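The values are calculated or read from the model by the stated rules, or taken from the named source; none is laboratory data. Every value quoted in this text rests on a predicted model; they were computed, and no experiment measured them. Positions of Cβ are generated from backbone atoms using ideal geometry, with glycine treated the same way; all protein chains shown enter the neighbour counts.
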Amino acid sequence: MDAKRESEPASAKMRTTVERTSERELVVTRTFNAPARIVFEAWTTPDLFIRWWAPKSLGMVLRSCEMDVRVGGGYRLVFGADASNTHAFFGRYVEVKPHTRLAWTNDEGGDEGPVTTVTFEEKGGRTLLVLHELYPSKDALDAAGTGAADALGETFEQLDELLVRLGGRAGRS
Amino acid sequence: MLILNYMVQYPQTRFDASFAALSDATRRGVLEQLGRADASITDLAEKFHMTLTGMKKHVGVLERAGLVTTKKVGRVRTCRLGLHRLEEEAAWIERHRRLWAARFDELDKVVEDLHRKEKVDGRKKRE
């Protein structure tokens, strides 16, 4: 029964789905094998958050993480393999409903950042997590995750710009 | 937290080919030109003050990177922007999916630890 389920390795990984639901929205879903309060805790406690937000498998290093999890409270994440080359991500929490719902702004990119909303829905001891990102414009979402730009510097920024320009034109023709 | 913008998540080989193709000013010019209208290799050679052979080489590089496709009709080879952009769409989703999947696989471990701890603590309290 329960004991058996517990003894099973957690390696039976759940599926992560990503869908662009509109020009300005991205939705990510994932189920976790634990109650919502636990998933929420892992999302709102800096010491825990730092353990998973920057997966080592992707070569990311999260150097520090501060979060003041309440409406209007700020967070600040600093990434970087060494102290001389860091990159900060920051914003404010706009909704905090313990174990249920969390929303924050992403302000590092000025006006182009999305509002991210995460809902935690518990069912039968499991939690369905839905992460929703609403971007201010289609262009801002198009640009998210294109790349390379920040990591590899100016050359790639130019490349990105060129591809965007070309794409825009090709799209209109 | 838009870390994706900070990461390099391109499939390496294609990225290399695209980057190599775009590292040349003439080839960037050719792409801009083709963004405005399809053109033959002859047109492009003239526009960029180049020999036909030179332009063929440039177009070949762009073609291998998927940035340009060519089609020969009679004696004229016409160039147009490639399907690269469509692949980009799929790659775009895949980059996001890969990031979140990697994160959530790590989050599984954290959640599992907490869950186990909570059970042990609960048992202790009951004892």
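Output the qualifying pairs, or none if there are none: Cβ atoms under 6 angstrom, residues six or more apart or on different chains, first residue in region B:77-96 and over 21 Å from B:G60 (Cβ atoms), second residue crowded, with 20+ Cβ neighbours inside 10 Å and at pLDDT 75 or above.
Matching pairs, first to second residue: B:I93/A:V18; B:H96/A:V18.
Which numbered condition in (1) more than 10 Å from chain B (Cβ to nearest Cβ); (2) of a type in the set (G, A, S); (3) farther than 23 Å from A:D47 by Cβ; (4) crowded, with 17+ Cβ neighbours inside 10 Å is the only one that A:A143 fails?
(1)
Would you kindly identify the helices (runs of 4 or more DSSP H) lying entirely within region A:44-159 that contain at least 3 residues that are modelled with pLDDT of 90 or more and more than 30 Å from B:A20 (Cα to Cα)?
Counting at least 3 such residues, we get A:46-52.
Considering only residues that are of a type in the set (G, A, S), modelled with pLDDT under 90 and out of contact with any helix residue (DSSP H, G or I) (no Cβ under 9 Å at 6 or more places or on another chain), which ones fall in region B:78-109?
Passing the criteria: only B:A90.
Give the residue that is farthest from B:K56 (Cα to Cα), with candidates limited to residues of region B:22-35 that are more than 10 Å from chain A (Cβ to nearest Cβ) and of a type in the set (A, V, I, L, M, F, W, C).
B:A25
Out of region A:89-120, which residues are at the interface with chain B (Cβ under 10 Å from one of its Cβ atoms), of a type in the set (G, A, S) and out of contact with any Asp or Glu (no Cβ under 6 Å at 6 or more places or on another chain)?
The answer is A:G109, and nothing else.
If A:R37 satisfies every condition in (1) more than 7 Å from chain B (Cβ to nearest Cβ); (2) more than 25 Å from A:G124 (Cβ to Cβ); (3) out of contact with any Cys (no Cβ under 6 Å at 6 or more places or on another chain) but one, which is the exception?
The number of the failed condition is (2).
Yes/no matrix, rows are residues, columns are (1) without any contact (Cβ under 8 Å) to a residue 24 or more places away in the chain; (2) of a type outside the set (K, R); (3) buried (at least 18 other Cβ atoms within 10 Å of the Cβ); (4) over 21 Å from A:P114 (Cα atoms):
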site	(1), (2), (3), (4)
A:E25	no, yes, no, no
A:V28	no, yes, yes, no
A:F32	no, yes, yes, yes
A:P35	no, yes, yes, yes
A:E41	yes, yes, yes, yes
A:T45	yes, yes, no, yes
A:L48	yes, yes, yes, yes
A:K56	yes, no, no, yes
A:M60	yes, yes, yes, yes
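Restricting attention to region A:112-139, which residues are under 20 Å from B:A90 (Cβ atoms) and either under 13 Å from the mean Cα position of the chain (by Cα) or touching a residue at least 40 places away in the same chain (Cβ under 8 Å) (or both)?
A:E133, A:Y135, A:K138, listed by residue number.
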